[in-house]
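Since the structure comes first, as structure tokens, the remarks are kept for the end.
The values are calculated or read from the model by the stated rules, or taken from the named source; none is laboratory data. Remember, it's a predicted structure, so these values are computed and weren't measured experimentally. Neighbour counts are summed over all protein chains in view; Cβ atoms, including those assigned to glycine, are modelled from backbone coordinates with ideal geometry. Heads up: the accessible areas ignore ligands, DNA and RNA and are worked out on the full protein's heavy atoms, side chains in. Shrake-Rupley method; radii C 1.70, N 1.55, O 1.52, S 1.80 Å.
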Amino acid sequence: MSEEELPEELPLGTLPLDAWHRDRGARMVPFAGYEMPIQYEGIVAEHEWTRTSASLFDVSHMGQLALKSPEIDPTLAARELEKLLPGAITNLKPGKMRYSLLLTEDGGIIDDLMVTNTGSHLALVVNGACKWDDIAHLREHLDDDVTLTHLDDFALLALQGPRAGEVLENLVPGTGALTFMTAGLFEWNGGHLWVSRAGYTGEDGFEIAVQEDKAEALADALVADERVKPAGLGARDSLRLEAGLPLYGHDLTIDTDPVSADLTFALSKKRREAGGYSGHTAVLGRLADLESGTLAQRRVGLKLDGRLPAREGAEVFSGDKKVGIVTSGGFSPTLGHPIAMAFVDAAYAAPETQLECEVRNRRLPASVTPMPFVPHRYFRGN
Amino acid sequence: MPRYYTDEHEWIDVEGDSATVGITDYAQEQLGDIVFVELPSVGTVLDKAGDAAVVESVKAASDVYAPISGEVTETNGALEEDPALVNSSPEEEGWFFRLSISDTAELEGLMDEKGYKAFVDSL
């Protein structure tokens, strides 16, 4: 089919747990090309349950990819992937994971992703809305001897919250020993689960890759525990906002770079010096701008007074001067006031800078606030 | 006191020349947790089907339209303190504003309770 013949909107895909969500009363909405659960009983209730117990999120829309080296050259996949992102991958030990960014030559962010060394291959989890472009980008740039597999017959479940550890240990013994940003292979119900101690809610928790034909049984087993309730993407979004975690397509885009996006932690120190990846020169330039105070914009957190949220697209002012734009924002159920992320002129990025967000011709006082808005509670070991 | 409904999911109680306006139980259910309600100021003159209020749920902002033309005479101050009243009691405690009706003929064409229920069932 030529490009002209492509329908404007592709039909929505159905993910393995579609019927499971509907049976439990989820409201389904189109997201990243699929029908996805946005909420069950309500975003605030699900948000609060995640912060106090454990919630089960279905994130099967995300792309699960595997990069495998040829037998003759076992480190080729890591070496090749390192050419496309600023994180150190060749020194990533088996069972360890790392957050990184696919970058253009100009340092623009193509996507943010998790990379795990499984021992036999590199496992990548990429954003659902970006996965097809990511696959094309990887295929184009990786050596032909690196095998790229899209693991589209796997569901991905996220169990998040302070009780996630005890719940999963009970169901899948051994998982409780994982610490934040480590992963391993476990057996369950006659099959395998690939379990990562990670997530995007700021809470302790896991992401569990499961073969699609076992996904319903696993979801059933998890919610059979009274500490676990299913939750939708609405709560996932309010949780990740409170956790200060940027969302691709909103807080991060191809027009943003890692330094302006306040993701310098993802720039491995060794690789900053050694280079050898797409976007390195541009990233060094932004780092120099940051040091010399000439960086144009930075991602910051904003705390608003009152109850009226400033949402994506709201303009940010200092007096009469427009100094930025909100990239995601909403009401924080945990804090009881609105919060937002914004890109602002770097001169206005210091904590406690007083700014204003314009919402429907009204100016809302906002102050720059360090993120996360709500402290992370990752499990880093006893 | 007759109650009418619009296809934008507002309800309106009419008593003589005065009307009380809110959003329906169906609407609050669709919106989810409401965190803020922006009400028109007393004295604002509203046009039928024009913007009247804004409801902010956790996930989005939604417009509420005037079901009928008129001048706002009173707003529900309780919503400032407790916007969730719209979720818990949308068709009673969670009313939005009262207005003096400028043209009662505009009530024609609005749905009654039975008509609205059939409308919602068809969605």
Next on the checklist: Tell me the residue from B:P90, B:P83, B:P40 that is within 11 Å of chain A (Cβ to nearest Cβ), part of a loop (DSSP other than H, G, I, E, B), in contact (Cβ under 8 Å) with a residue 12 or more places away in the chain and open to solvent by less than 40 Å² (accessible area, probe 1.4 Å), please.
Outcome noted: B:P83
Checklist entry - What single numbered condition from (1) open to solvent by less than 40 Å² (accessible area, probe 1.4 Å); (2) in a helix (DSSP H, G or I); (3) under 18 Å from A:L156 (Cα atoms) fails to hold for A:A19? => result (1)
Item to check | Among the residues listed as B:D33, B:D17, B:D51, the single one being closer than 21 Å to B:V120 by Cβ and open to solvent by 40 Å² or more (accessible area, probe 1.4 Å) | outcome: B:D33
Checklist entry - Is one or more of the residues making up region A:238-250 within 14 Å of chain B (Cβ to nearest Cβ), touching a residue at least 60 places away in the same chain (Cβ under 8 Å) and in a loop (DSSP other than H, G, I, E, B)? => result yes
Next on the checklist: Which pairs turn up if I take residues in region A:362-377 that are more than 30 Å from A:T179 (Cβ to Cβ) and look for partners that are surrounded by fewer than 19 Cβ atoms within 10 Å (Cβ to Cβ) and β-branched (V, I, T) with beta carbon separation below 9 Å, at least 6 apart in sequence or on another chain?
Outcome noted: A:S367/A:T353; A:V368/A:T353
Next on the checklist: Take the residues in region A:169-211 that are farther than 19 Å from A:D58 by Cα and among the aromatic types (F, W, Y); name whichever of them is least open to solvent (accessible area, probe 1.4 Å).
Outcome noted: A:F186
Checklist entry - How many residues are touching a Ser or Thr at 6+ places or on another chain (Cβ under 9 Å) and at negative phi if we restrict to region A:199-225? => result 8
Item to check | Residue count for region A:44-67, restricted to those that are of a type in the set (S, T, Y) and within 14 Å of chain B (Cβ to nearest Cβ) | outcome: 1
Item to check | region A:346-366, subset farther than 26 Å from A:G202 by Cα and open to solvent by less than 20 Å² (accessible area, probe 1.4 Å), residue nearest to the other protein chains (Cβ to nearest Cβ) | outcome: A:V359
Checklist entry - A:F343 is checked against (1) within 11 Å of chain B (Cβ to nearest Cβ); (2) under 16 Å from A:H250 (Cβ atoms); (3) open to solvent by 10 Å² or more (accessible area, probe 1.4 Å) and fails just one. What number does that condition carry? => result (1)
Checklist entry - Mind checking which pairs have a first residue in region A:115-138 that is under 16 Å from A:A155 (Cβ atoms) and a second that is open to solvent by less than 50 Å² (accessible area, probe 1.4 Å) and part of a helix (DSSP H, G or I), Cβ under 7 Å, 6 or more apart or different chains? => result A:V126/A:D134
Checklist outcome for this item: The condition of being within 14 Å of chain B (Cβ to nearest Cβ), open to solvent by less than 60 Å² (accessible area, probe 1.4 Å), under 30 Å from A:E105 (Cβ atoms) and at pLDDT 95 or above holds, among A:G279, A:G285, A:G313, only for A:G313
Next on the checklist: Take the conditions part of a loop (DSSP other than H, G, I, E, B) and basic (K, R) and apply them to A:K93. Does it pass?
Outcome noted: yes
Checklist outcome for this item: If we ask which residues in region B:93-123 are among the small types (G, A, S), in contact (Cβ under 8 Å) with a residue 60 or more places away in the chain and either over 18 Å from B:A27 (Cβ atoms) or buried (at least 16 other Cβ atoms within 10 Å of the Cβ) (or both), their number turns out to be 2
Next on the checklist: Take the residues in region A:318-340 that are open to solvent by 60 Å² or more (accessible area, probe 1.4 Å) and among the aliphatic types (A, V, I, L, M); name whichever of them is farthest from the other protein chains (Cβ to nearest Cβ).
Outcome noted: A:I325
